[in-house]
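Below is one structure. I have some questions about it.
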Amino acid sequence: MSIIKYVVIYFILLFVETNLLHLISIKNITPDLILVYVLIFSLREHKSKAAIIGFSAGLIQDVFTTKFFGLSAFMKSIAGFLGVFFQQKRNEYKLLYYSTAFLVLIFIHELIYQLIYSLGGDIGFWNLLFYSIVPRTFYTLAMAVIFYFIFPPALRRNIAGGAKE
Amino acid sequence: MKPGRNLIFYKDYLTLGAALLISIILMASNNNRQIEYVKLWLANVLGVFQNEWSYVQLYFDLKEKNDLLRKENMQLFLENSAMQEMALENKRLKELIGFNEKGNFQLKATRVIAKQKKSFINDVILEIGFADSVSRNMVVVVPTGLVGKLYQVGKSRSNCQILLDQNFRVSAKIQRSREKGIVGWKGGKFCLLNEVPKHSDVKIGDWVITSGYGEIFPAGLRVGRVVGVTEPARGLFMEIKIKPAVNFDILEEVFVITGIK
């Protein structure tokens, strides 16, 4: 996939996330489409490239959406880098493995993101976990599964024999 | 770098590190609740470390301060000792000046520079000599009484034979009753007033003064106070014990009588 395609897909997702996502929000919980984008690329790319994509995607997301500038860039860099560790040598990912990997990665992302975001606030950890982190994790995971079915070629690795070096 | 790991392995981590660092810098540029909280937390943590560090610094500073204070303390102690010494000397000199002005003698003040106790003579060395117009047999006194006499006179040093010497003799009398005798010393802290006939009027506490009958000692100098009076069964004389008027242990400044006014 060329860089132009990456960029075009990214901005489509960003547009949806910033303008249309409220249409599908459930009790103010919305999925993180940019995270799904970053994680899909992390299953295809080298660590450094995944980190750079994560950082860039997060930074642009920060510019357009965030209330805490730099936090998305920070978290997406980590998510992209960690996603590489879930790469497989096989050219296609089984749904179960894919879902499990995304569940873990999204949960880690959301956990850290929400904890940082709630710093200095009066919301307790368990409330945060059950009313924000877990619902958002599953909602984002659901979006990732939809991607899995809609765009299976996107998950074909860009690296011969996997990128786990 | 471990064998088998090339630069690309570290490049990935360096890339992530750079991305995270930039993100953190961007986050720190925010002025929101979260950053304020982190700043506050960091300030608290740093405060704890600074506090602990200040103790460490304080320890090293304390050692230095302690050394300095000890040095200062020693210096002050020495200064204090010197000042006390000067104050005492001042007091003594004032007494000497008063003595000099009140008396009928011409006096020359001098200082005791050494004390010696030989088998045949007890003396002190004075910082005065014939260059100061003193000569042999001149009498040495302090405001409290008789010290002795010069028996060897050099150019700038003299030997003074003191009262507490076996060969020292001075004609004396009881000030109150005018009973006469000869003062001598046979060892110990006390002198004896000899050759006072039995049944003479001598009491404990009487002052013994020089009689002025000899050629050397002028009359009226205090020799000591009577501290013991006994009349032995045998013999013609009383045994009278005298405590010298001068404390020879602390003798420092003295006068030499050079003449009568």
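Given N residues in chain A, what is its alpha carbon radius of gyration divided by 2.2 N^0.38 Å?
Numbers: Rg = 15.2 Å, N = 165, 2.2 N^0.38 = 15.3 Å.
So chain A has a normalised radius of gyration of 0.99.
Pop the C-beta distance of A:ASN28 and A:ILE108 into the FRET formula with R0 = 25 Å and round what comes out to the nearest 0.05.
Efficiency, rounded to the nearest 0.05: 0.65.
Could you calculate, for segment B:64-194, the ratio of the Cα radius of gyration to the Kirkwood radius, expressed as Rg to Rh? Show your work: numbers first, answer last.
On the way: Rg = 20.0 Å, Rh = 17.7 Å.
In segment B:64-194, Rg relative to Rh is 1.13.
Using 1/(1 + (r/R0)^6) with R0 = 30 angstrom and r between the beta carbons of A:PHE15 and B:TYR10, what's the FRET efficiency to the nearest 0.05? Write down the numbers at each step before the final one.
Values: r = 37 Å, r/R0 = 1.24.
Efficiency, rounded to the nearest 0.05: 0.20.
In addition: Which one of B:GLY235, B:GLY187, B:PHE255 is farthest out on the positive end of the charge dipole of chain B, using unit charges on Cβ (Lys, Arg +1; Asp, Glu -1) and the Cα centre as origin?
The Cα lying farthest towards the positive end belongs to B:GLY235.
First select every other residue whose beta carbon is under 13 angstrom from the beta carbon of B:GLY181; then total the charges, Lys and Arg +1, Asp and Glu -1.
Values: positive: B:ARG169, B:LYS173, B:ARG178, B:LYS180, B:LYS198, B:LYS241; negative: B:GLU179, B:GLU195, B:ASP201, B:ASP206, B:GLU239.
Residues close to B:GLY181 contribute a combined charge of +1.
With +1 on each Lys and Arg Cβ and -1 on each Asp and Glu Cβ, and nothing else charged, work out how big the dipole of the protein assembly as shown is about its Cα centre, in Debye to the nearest 20.
Values: 51 positive and 34 negative charges, 209 e Å.
For this selection, approximately 1000 debye.
Can you tell me the length gained on complete extension of the stretch B:ASP61 to B:ASN31, counting 0.36 nm per residue apart and subtracting the Cα distance? Show your work: numbers first, answer last.
Values: separation 30, 0.36 × 30 = 10.80 nm, distance 3.94 nm.
Length gained between B:ASP61 and B:ASN31: 6.9 nm.
Return the average number of partner chain Cβ atoms within 10 angstrom of each residue Cβ along peptide B:23-33.
Details: counts 15, 4, 1, 10, 9, 1, 2, 6, 0, 7, 7.
Mean shielding by partner chains, rounded to a whole number: 6.
Another one. What number does segment B:8-58 give for Rg over Rh if you use C-alpha atoms and the Kirkwood radius? Before the final figure, lay out the partial values.
Numbers: Rg = 16.2 Å, Rh = 13.4 Å.
Across segment B:8-58, the Cα-based Rg/Rh ratio is 1.21.
Tell me which DSSP H helices of chain A clear both cut-offs, 30 Å or more of axial length from alpha-carbon atoms and a mean Kyte-Doolittle hydropathy of at least 1.6. Show your work: numbers first, answer last.
Values: long enough: A:95-117 (31 Å, 1.54).
Result, helices passing both filters: zero.
Right, something else. Given charges of +1 on the Cβ of Lys and Arg and -1 on the Cβ of Asp and Glu, with all other atoms neutral, how large is the dipole of segment B:122-214 about its Cα centre, in debye to the nearest 20?
Working: 13 positive and 8 negative charges, 38 e Å.
Once rounded to the nearest 20, the dipole reads 180 debye.
Would you mind computing, in nm to one decimal, how far apart the modelled labels at B:GLN75 and B:ALA18 are, each placed 7 Å from Cα along Cα→Cβ?
Distance between label points: 5.9 nm.
I would also like to ask the following. Once the Cα atoms of helix B:33-102 and of chain B are each reduced to a long axis, what angle between those two axes, in degrees from 0 to 90 to the nearest 10, is obtained?
For helix B:33-102, the angle is close to 10 degrees.
Turning to a different aspect of this structure: Rounded to a whole number, what is D in µm²/s for segment B:143-214 from Stokes-Einstein with the Kirkwood radius over alpha-carbon pairs (4 °C, 1.567 mPa s)?
Details: Rh = 13.4 Å.
Rounded, D is 96 µm²/s.
Within segment A:1-113, how many Lys pairs sit with Cα atoms under 25 Å apart, leaving out pairs fewer than 8 places apart on the same chain?
Within segment A:1-113, the lysine pair count is 16.
Report, as a whole number in µm² per second, the diffusion coefficient that Stokes-Einstein gives for chain B at 37 °C and 0.692 mPa s using the Kirkwood radius over alpha carbon pairs.
Details: Rh = 25.2 Å.
Value of D from the Cα-based Kirkwood radius: 130 µm²/s.
Using a simple spin-label model with points 7 Å from Cα along the Cα→Cβ vector, what separation in nm is obtained for B:LYS39 and B:GLU252?
A separation of 7.0 nm, rounded to one decimal place.
Next up: Might you report the magnitude of the Cβ-based charge dipole of segment B:105-261 about its Cα centre, with Lys and Arg at +1 and Asp and Glu at -1, to the nearest 20 debye? Intermediate results must be reported in sequence, preceding the final value.
Working: 24 positive and 14 negative charges, 18 e Å.
Roughly 80 debye, rounded to the nearest 20.
Next question, about the same structure. Suppose R0 equals 22 Å; then what is the FRET efficiency for B:LYS203 and B:LYS91 from their Cβ-Cβ distance, rounded to the nearest 0.05? Don't jump to the answer; show the numbers that get you there.
Values: r = 32 Å, r/R0 = 1.47.
Working from the Cβ atoms, E equals 0.10.
Going down the list B:LYS203/B:LYS261; B:LYS173/B:LYS198; B:LYS108/B:LYS186; B:LYS94/B:LYS186, which pairs span over 24 Å between their C-alpha atoms? Before the final figure, lay out the partial values.
Values: B:LYS203/B:LYS261 33 Å; B:LYS173/B:LYS198 15 Å; B:LYS108/B:LYS186 30 Å; B:LYS94/B:LYS186 34 Å.
Going by Cα-Cα distance, B:LYS203/B:LYS261; B:LYS108/B:LYS186; B:LYS94/B:LYS186 fall outside the 24 Å limit.
From Cα pairs below 8 angstrom and at least 6 apart in sequence, can you work out the relative contact order of chain B, rounded to a whole percent?
Numbers: 425 pairs, mean separation 41.3, N = 261.
It comes to 16 percent, rounded to a whole number.
Now a separate question. For helix B:7-28, report the angle its Cα long axis makes with the longest principal axis of the Cα atoms of chain B; keep it between 0 and 90° and round to the nearest 10°.
It is inclined by approximately 80 degrees.
Rounded, prolate or oblate, given the Cα gyration tensor of segment A:101-142, with a/c below 1.5 counting as rounded? Walk me through the numbers on the way to the answer.
Values: a/c = 2.95, a/b = 1.85, b/c = 1.59.
Because a/c hits 1.5 or more and a/b exceeds b/c, segment A:101-142 counts as prolate.
Treat each spin label as a single point 7 Å out from the Cα along the C-beta direction, and report the B:SER135 to B:ALA82 distance in nm.
With each label point 7 Å from Cα toward Cβ, the separation is 4.2 nm.
Further question: Give me the distance between the Cα centres of segment B:140-154 and segment B:188-206, rounded to whole Å.
Between the Cα centre of segment B:140-154 and that of segment B:188-206, the gap is 23 Å.
With Cβ to Cβ distances under 15 Å as the rule, what net charge do the other residues near A:ILE29 carry (K, R +1; D, E -1)? List each step's numbers first, then the result.
On the way: positive: A:LYS27, A:ARG136; negative: A:GLU17, A:ASP32, A:GLU110.
Here the charged neighbours net out to -1.
Counting every Cα pair in the protein assembly as shown, what percent are over 42 Å apart? Spell out each step's value before the answer.
Details: 49982 of 90525 pairs.
Of all Cα-Cα pairs in the protein assembly as shown, 55 percent lie more than 42 Å apart.
Of all the Cα-Cα pairs you can form in segment A:44-131, what percent are over 20 Å apart?
Working: 1664 of 3828 pairs.
Result for the distance tail: 43 percent.
What order do you get for A:13-21, A:139-147, A:32-40, B:249-257 when each peptide is scored by the mean count of other beta carbon atoms within 10 Å, highest first? Let's see the in-between values first.
Numbers: A:13-21: 15.0, A:139-147: 18.9, A:32-40: 26.1, B:249-257: 17.3.
In descending order of packing, they fall as A:32-40, A:139-147, B:249-257, A:13-21.
Something else now. Which net charge results when you count Lys and Arg as +1 and Asp and Glu as -1 among the other residues whose beta-carbon is under 13 Å from that of B:GLN57?
Summing Lys/Arg as +1 and Asp/Glu as -1 gives -1.
Every read-out reported here was derived from the displayed coordinates using simple, explicitly stated rules and does not represent laboratory data. Only a predicted model underlies this, so the values are computations on that prediction, with no experimental measurement involved. Ideal geometry is used to build each Cβ from the backbone, glycine not excepted, and the neighbour counts take in all protein chains shown.
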